[in-house]
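Peer 1: Right, I'll just put the structure down here and ask away after.
The values are calculated or read from the model by the stated rules, or taken from the named source; none is laboratory data. None of the values given here were measured: they were computed from a predicted structure. With ideal geometry, Cβ positions are generated from the backbone for all residues, glycine too; neighbour counts draw on all protein chains shown. Accessible surface areas use protein heavy atoms only, side chains included; no ligands, DNA or RNA. Shrake-Rupley method; radii C 1.70, N 1.55, O 1.52, S 1.80 Å.
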Amino acid sequence: MGREQWKKIWVGSAGNMVEWFDWFVYASFAVYFADAFFPKGNDTANLMNTMGIFAVGFFLRPVGGWLLGRVGDRKGRKAALTLTVTLMSASAVLIAVAPTYGVAGYGGVAVLLLARMLQGLSVGGEYAASATYLTEASAPGRRGFASSFQYVSMTAGQLLGLGLQIVLQRTLSDAALHSWAWRIPFIIGALGAAIVFYLRRNMLETDVYADDDAATDPDRGTLKALLAHKREAFLVIALTMGGTVAYYTYTTYLTKYLSGSAGMEKSTASLVSFCALFLFMCLQPFAGWLSDRIGRRPLLITFAIGSTFLTVPIMTLLRHAGSFWPALGLSLLALVIVTGYTSINACVKAELFPTGIRALGVALPYAIANALFGGTAEYVALWFKNGGIESGYYWYVAGCAAVSLVVYLAMRETRTIDLHRVGKDGAAPGAPGDVPVVAGF
């Protein structure tokens, strides 16, 4: 792979790294800045209020998917990617400079809420914009490998956020973190977004988009055009369902589960999560490369079978792991299984739609599925735990994977698709001449 191709991969996926860094540090540093925006007295209530504002971002993701997907289809992939990183930078700056309750009363809460709304819009559009760009900008035999860097960058963002938190906790006092140092990660996030903005301002539009002969279509990038591809939109939701629940379970929820349910020390649980995520990140390009050789469906089916039948045993054993190495081994096994989904889901979704509706077609159904299943994963897990039937959540994750398994078994292979031909002359995902997107649909 040449230097130009690596540059496209970096520019196309770098925003994800900054995006997920910002997303992670808000959740992890909320314990330090919650009291800054609300009256002192009830620390738990203040933290709940702060996390309530965090939840607003999830509700805005489908809106961001629609808005920025529309921009990507009507104005170009470059325009959408530039807009997402602009919103990203603005949200980080707003949180970094937000006035405290002592200075502006609830004015600081209003700034925090606005920042989370912008961040939700940005995250909702970034996934589809970068997925579309990486898929279109890659050679046909490299799409799986190139798109795998989306989850490399997403995981890198989480690891950077976790690493920064560990450094600040070890170098600064708890009082300093509560007073002013909680603003540091948001300043870093804003600077990172500014760098990505500069890179994206100089990026080239993809040839697939530039060469599309439907560029003047007034329905391009609209909900009307998306409704003409209802089967593909449903497929995105269904194939995302199992993957996003499993991903959130073994990434964002893992540390809480190990410390809260398995009784592990928080520092040990954090170390398990960090090591498992790092190894998971390194696996993504290999799995993407493998999909370019053997196809997307084998990896997706392997993920779904593994999650359907191994989630309950893995989660049960994790609860009794007790120490670092058993917990790391089980966590890594789970993430190896999830890699079958994460490494290629971006290109699979992009390969389903014609150029004129590709960004919106990926963005809106994915954002809806992510909000319904990924964003609620931790809440559902805690609901089961609070009800005294924590194992019910294990079956819930397995059940979501089983639904996706049915879809993976029925769908056509997308590896061989010509992105220039999707939706033209009856062409659809799969080998030339394949028309159905899903058998029986």
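Peer 1: In segment 71-83, which residues are surrounded by fewer than 24 Cβ atoms within 10 Å (Cβ to Cβ) and either over 22 Å from Glu205 (Cβ atoms) or touching a Lys or Arg at 6+ places or on another chain (Cβ under 9 Å) (or both)? Spell out how you get there, then give the answer.
Peer 2: If we filter segment 71-83 for residues that are surrounded by fewer than 24 Cβ atoms within 10 Å (Cβ to Cβ), which is where we start, we get 71, 74-76, 78-79, 82-83.
Result: Arg74, Lys78, Thr82, Leu83.
Peer 1: For segment 140-158, state whether one or more residues are among the hydrophobic types (A, V, I, L, M, F, W, C), open to solvent by 70 Å² or more (accessible area, probe 1.4 Å) and modelled with pLDDT under 95.
Peer 2: No: zero hits.
Peer 1: A further question follows. Take residues that are within 25 Å of Pro62 (Cα to Cα) and free of Cβ contacts under 8 Å to residues at least 60 places away in the same chain and tell me which of the helices (runs of 4 or more DSSP H) falling wholly in segment 161-265 contain 2 or more. Reasoning before the result, please.
Peer 2: Details: elements: 174-179, 184-201, 207-210, 223-227, 230-250, 254-260.
The helices (runs of 4 or more DSSP H) meeting that bar are 223-227.
Peer 1: Could you tell me which of the residues Ala377, Ala410 is without any contact (Cβ under 8 Å) to a residue 40 or more places away in the chain and of a type in the set (A, V, I, L, M, F, W, C)? Working first, answer last.
Peer 2: Values: Ala377 fails: without any contact (Cβ under 8 Å) to a residue 40 or more places away in the chain.
None of the others qualify; the one that does is Ala410.
Peer 1: I'd like the full set of residues that are hydrophobic (A, V, I, L, M, F, W, C) and either open to solvent by 30 Å² or more (accessible area, probe 1.4 Å) or not in a helix (DSSP H, G or I) (or both), limited to segment 88-100.
Peer 2: Initial filter on segment 88-100 (hydrophobic (A, V, I, L, M, F, W, C)): 88, 90, 92-98.
Across segment 88-100, the qualifying residues are Ala90, Val93, Leu94, Val97, Ala98.
Peer 1: Quick one: which residue in Glu378, Glu413 is open to solvent by 20 Å² or more (accessible area, probe 1.4 Å), farther than 13 Å from Ala304 by Cα and in a helix (DSSP H, G or I)?
Peer 2: On the way: Glu413 fails: in a helix (DSSP H, G or I).
Step by step, each of Glu378, Glu413 is checked, and only Glu378 is open to solvent by 20 Å² or more (accessible area, probe 1.4 Å), farther than 13 Å from Ala304 by Cα and in a helix (DSSP H, G or I).
Peer 1: Which pairs have Cβ atoms under 7 Å, sit 6 or more apart or on different chains, and link a residue in segment 326-340 that is over 11 Å from Thr311 (Cβ atoms) to one that is outside any helix (DSSP H, G or I)?
Peer 2: Close Cβ pairs satisfying both conditions: Ala327/Met264; Ala327/Ala321; Leu330/Ala321.
Residue-by-condition table, conditions (1) at pLDDT 95 or above; (2) open to solvent by less than 10 Å² (accessible area, probe 1.4 Å):
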residue	(1), (2)
Gly322	no, no
Ser331	yes, yes
Val336	yes, no
Thr342	yes, yes
Gly356	no, no
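Peer 1: Suppose we filter Ala246, Ala210 for residues that are of a type in the set (A, V, I, L, M), open to solvent by 20 Å² or more (accessible area, probe 1.4 Å) and not assigned by the TED database to the domain that holds Thr84; which single one remains?
Peer 2: Working: Ala246 fails: open to solvent by 20 Å² or more (accessible area, probe 1.4 Å).
So the residue among Ala246, Ala210 that is of a type in the set (A, V, I, L, M), open to solvent by 20 Å² or more (accessible area, probe 1.4 Å) and not assigned by the TED database to the domain that holds Thr84 is Ala210.
Peer 1: Is it the case, given these coordinates, that Trp6 is in the same structural domain as Ala128 (by the TED database), free of Cβ contacts under 8 Å to residues at least 40 places away in the same chain and of a type outside the set (Asp, Glu)?
Peer 2: Numbers: in the same structural domain as Ala128 (by the TED database): yes; free of Cβ contacts under 8 Å to residues at least 40 places away in the same chain: yes; of a type outside the set (Asp, Glu): yes.
When the stated conditions are applied, Trp6 passes them.
Peer 1: Taking the condition open to solvent by 30 Å² or more (accessible area, probe 1.4 Å), at pLDDT below 90, of a type in the set (Val, Ile, Thr) and closer than 25 Å to Tyr379 by Cβ, does Thr216 pass?
Peer 2: Working: open to solvent by 30 Å² or more (accessible area, probe 1.4 Å): yes; at pLDDT below 90: yes; of a type in the set (Val, Ile, Thr): yes; closer than 25 Å to Tyr379 by Cβ: no.
It is false that Thr216 is open to solvent by 30 Å² or more (accessible area, probe 1.4 Å), at pLDDT below 90, of a type in the set (Val, Ile, Thr) and closer than 25 Å to Tyr379 by Cβ.
Peer 1: In this structure, does Pro39 turn out to be open to solvent by less than 60 Å² (accessible area, probe 1.4 Å) and outside any helix (DSSP H, G or I)?
Peer 2: Answer is yes for this residue.
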